[in-house]
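Engineer: Before we start, here is the structure in question, set down as structure tokens.
What follows draws every value from the coordinates through simple rules; no lab data is involved. This one's a predicted model, so the numbers in the text were calculated from it and none came from an experiment. Using ideal geometry, Cβ is built from the backbone for each residue, glycine included, and neighbour counts are taken over all protein chains shown.
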Ligand code: CA
């Protein structure tokens with residue numbers, strides 16, 4: 001059973017979708033506007049979102065981008081527009097799948113099953129390894145050259161995010177959005193402070209970097225110092 005939020009302003013479709021999903025044993029909440037939907041999505045533990053693009057208060061595409069900034073929850077978009085450009089836009093904005101109206105209850109049920117199957121991550125996550133750094137996300141354990149690192153939760157999350165994007169330049173804004181869940185707010189100074197703590201724990205400094213490399217004016221990237 002999954003916890004599903006349905007965001008759709010058309011009452012008839014909203015009821016049909018909610019009923020089909022409830023019949024499959026899911027716990028369904030629904031909303032008729034983008035803002036009410038957003039509130040429900042961020043409020044509880046949501047496993048899947050069914051999102052209509054044509055909403056009265058906000059374009060569903062904008063809502064999709066807002067949700068994506070703070071959450072990896074699977075999203076199935078429902079749209080009346082089936083053009084190639086539209087589908088590409090939806091998937092690029094972070095939707096996991098889409099349904100073109102009108103659709104049958106069978107199609108809806110099948111898409112939801114497929115997306116939930118992908119999302120449950122039945123394969124256990126292995127540790128993320130970069131050089132001598134090993135991060136186990138499920139156990140929240142970090143090791144450097146075989147020695148455990150004593151990291152705060154935010155330090156761990158930040159290091160994990162950087163390590164899983166090793167070699168890529170990550171901006172402070174990315175870190176605020178991904179680690180602090182503050183896509184539109186937060187202070188970049190927070191990132192600087194955590195970076196300096198993290199450097200200290202990794203036994204390096206900005207002047208003598210190893211894993212954490214500052215890219216001036218852009219952000220930071222984590223690399224294997226001895227590839
Ligand atoms: Ca609509």
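Engineer: Rg and Dmax in Å for the range 1-47, alpha carbons only: what are they?
Structural biologist: Cα-based Rg and Dmax for the range 1-47 come out at 10.1, 27 Å.
Engineer: While we're on this one: Could you tell me the relative contact order of the range 128-222? Use alpha-carbon pairs under 8 Å, at least six residues apart, and round to a whole percent. It would help to have the intermediate numbers written out before the result.
Structural biologist: Values: 116 pairs, mean separation 24.0, N = 95.
With pairs under 8 Å counted, the relative contact order is 25 percent.
Engineer: Can you pull the one-decimal nm distance between simple spin-label points at residue 59 and residue 97, each 7 Å off the Cα toward Cβ?
Structural biologist: 2.6 nm
Engineer: Further question: What nm value, rounded to one decimal, do you get for the distance between residue 200 and residue 164 when each label is placed 7 Å out toward the C-beta?
Structural biologist: Here the modelled spin labels are 2.7 nm apart.
Engineer: Need one number: convex hull volume per residue for the range 128-222, Cα atoms only, in Å³. If you can, show how the numbers build up before the last one.
Structural biologist: Details: hull volume 8.6 nm³, N = 95.
Convex hull volume per residue, Cα atoms: 90 Å³.
Engineer: What's the ranking of 146-156, 32-42 by average number of surrounding C-beta atoms within 10 Å, highest first?
Structural biologist: Details: 146-156: 13.5, 32-42: 18.5.
Sorting 146-156, 32-42 by mean packing, highest first, produces 32-42, 146-156.
Engineer: To check my understanding: the extent here is largest minus smallest coordinate of the Cα atoms along each principal axis. What are those three numbers for the range 53-108, in Å, largest first?
Structural biologist: Rounded to whole Å, the extents work out to 31, 22, 20 Å.
Engineer: Would you mind telling me the antiparallel percentage of the DSSP bridges in the chain, rounded to 5? The partial results should precede the final answer.
Structural biologist: Values: 15 of 32 bridges.
Percentage antiparallel, nearest 5: 45.
Engineer: Could you calculate the contour length gain from residue 68 to residue 190, that is, 0.36 nm times the residue separation minus the distance between their Cα atoms, to one decimal place in nm?
Structural biologist: Details: separation 122, 0.36 × 122 = 43.92 nm, distance 2.21 nm.
Between residue 68 and residue 190, full extension yields an extra 41.7 nm.
Engineer: Mind checking the full-extension length gain between residue 114 and residue 214? Use 0.36 nm per residue of separation minus the Cα-Cα distance, one decimal, nm.
Structural biologist: On the way: separation 100, 0.36 × 100 = 36.00 nm, distance 4.06 nm.
31.9 nm is the gain from fully extending residue 114 to residue 214.
Engineer: Output the Cα-based Rg and Dmax of the range 3-118 in Å, rounding Rg to one decimal and Dmax to a whole number.
Structural biologist: Answer for the range 3-118, Rg first and Dmax second: 12.5, 35 Å.
Engineer: Convex hull over the Cα atoms of the chain, averaged projected area in nm²?
Structural biologist: Values: hull surface 56.9 nm².
Average of the hull's projected areas for the chain equals 14.2 nm².
Engineer: For every helix of n ≥ 4 consecutive DSSP H residues, a contribution of -39,500 (n - 2.57) applies; sum these over the chain, divide by its total residues, and give [θ] at 222 nm rounded to the nearest 500 deg cm²/dmol.
Structural biologist: Numbers: 8 runs with 91 residues, N = 227.
The helix-only estimate for the chain comes to -12500 deg cm²/dmol at 222 nm.
Engineer: Next up: In whole angstrom, note down how far apart the Cα centers of the range 1-54 and the range 134-187 are.
Structural biologist: 31 Å
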